[in-house]
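**Q** Supplied in structure tokens, the structure appears directly below.
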Amino acid sequence: MDELTEEDLAIPPAKYEYLDHTADVQLHAWGETMEEAFEQCAMAMFGYMTDLDRVEIEQIHHIEAEADDLEGLLFHFLDELLFMFSAEPYIVAKKVKITEFDGQAFKIKATALGEEFTIGKHTQGAEVKAITYSAMQIHDRPKVDRPEVFVIVDI
């Protein structure tokens, strides 16, 4: 085994920097029902932020969202979940279950099951900074195809 020299231990000066770069990612989710498509979109968001295989279900959090239309409902639903992740104690969900979905009055009640995000235990993926309305699409064609949603998030 080679012995380490002083040259090996000398760290050269940094010749790099971090520059801000705005980027987006589009989430595409679907399900047998619109509720499932919304749930899957939430899981896509959490899965983009961390490896969900490392998340355990230890806590239950309840969220509610309402809006004036279906796009607004999806926006506020995801935004409530993002707030749950972004505010202490930084909860990451392994599972999101909608318990009430009113597509006429545009109201959702849901439970998020997961645990507190811990650096070291959980990988750090891209930070989702905001949900956007940009190019949001909701397709509810159960007889033709599965319900699906497209949401762009700011990372």
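The values are calculated or read from the model by the stated rules, or taken from the named source; none is laboratory data. None of the values given here were measured: they were computed from a predicted structure. Note that we place each Cβ from the backbone using ideal geometry, even for glycine, and neighbour counts take in every protein chain shown. Quick note on the areas: whole protein, heavy atoms, side chains included, nothing else; ligands and nucleic acids left out. Shrake-Rupley method; radii C 1.70, N 1.55, O 1.52, S 1.80 Å.
**Q** Only one of these is crowded, with 16+ Cβ neighbours inside 10 Å and either modelled with pLDDT under 90 or under 13 Å from the mean Cα position of the chain (by Cα) (or both): Leu27, Leu4. Name it.
**A** None of the others qualify; the one that does is Leu27.
**Q** Quick check on the range 80-101: of everything there that is out of contact with any helix residue (DSSP H, G or I) (no Cβ under 9 Å at 6 or more places or on another chain) and open to solvent by 60 Å² or more (accessible area, probe 1.4 Å), which residue is modelled with the lowest pLDDT?
**A** Here the residue is Glu88.
**Q** From the residues in the range 102-112 that are surrounded by fewer than 14 Cβ atoms within 10 Å (Cβ to Cβ) and among the small types (Gly, Ala, Ser), which one is nearest to Ala126 (Cα to Cα)?
**A** So the residue we want is Gly103.
**Q** It is to be established whether one or more residues within the range 95-109 are more than 17 Å from the chain's Cα centre (by Cα) and polar (S, T, N, Q).
**A** Among the residues of the range 95-109, at least one is more than 17 Å from the chain's Cα centre (by Cα) and polar (S, T, N, Q), which makes the answer yes.
**Q** Looking at the range 97-118, I want the residues that are closer than 15 Å to Glu71 by Cβ and have a partner that is open to solvent by 20 Å² or more (accessible area, probe 1.4 Å) and aliphatic (A, V, I, L, M) with Cβ atoms under 6 Å, at least 6 apart or on another chain. Which pairs are those?
**A** Phe106/Ala67
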